[in-house]
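Q: Shown below is the structure under consideration.
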Amino acid sequence: MTDILAIEPSESGRIVHLDLPGYQPGRKSRSCSQAMAMCGAFVGAGHQRIPLAQAREWTRRAPTSPPTPVLTWCRPCLGHAATVHGLAEQLVDELLSSPVPP
């Protein structure tokens, strides 16, 4: 299986989307799948795509000076990725066993 890639947010963006080349987020045929995230969001061709393991640093870094936005993962992309990798049931089990944070 092809590895999932992280898509670098735009300069003012805060969301890290995921890309799986060839993945279609729904039944609708999409001619521009190369320019779409797993959630179906349009992503410009100029955005860097890097391996997911390397992108983890994007969401873990501390704010710097001048301030950089805190980056977060796209929740719909994470759901699609969990489903593609067969982790949906495991995710539901984890949700059921975890307390809801305040």
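The values are calculated or read from the model by the stated rules, or taken from the named source; none is laboratory data. Keep in mind that what you see is a predicted model, and the values were worked out from it rather than measured. A quick note on method: Cβ atoms are made from the backbone with ideal geometry, for glycine too, and the neighbour counts reach across all protein chains shown.
Q: Using beta carbons and a limit of 8 Å, which pairs, at least six apart or on different chains, have the first residue in the range 1-28 and aliphatic (A, V, I, L, M) and the second one outside any loop (DSSP other than H, G, I, E, B) and modelled with pLDDT under 85?
A: Pairs that qualify, where the first residue is aliphatic (A, V, I, L, M) and the partner is outside any loop (DSSP other than H, G, I, E, B) and modelled with pLDDT under 85, are A6/W58; V16/W58; V16/T59.
Q: Restricting to the range 58-67, what's the tally of residues that are surrounded by 12 or more Cβ atoms within 10 Å (Cβ to Cβ) and modelled with pLDDT under 65? Full working, then the answer.
A: Step one: of the range 58-67, the residues surrounded by 12 or more Cβ atoms within 10 Å (Cβ to Cβ) are 58-59.
Adding the requirement that they be modelled with pLDDT under 65 leaves none.
Looking only at that region, the number is 0.
Q: Moving on. Considering only residues that are at pLDDT 85 or above and out of contact with any helix residue (DSSP H, G or I) (no Cβ under 9 Å at 6 or more places or on another chain), which ones fall in the range 14-35?
A: Start the filter on the range 14-35 by keeping residues that are at pLDDT 85 or above, which leaves 14-20.
Within the range 14-35, just R14 meets the criteria.
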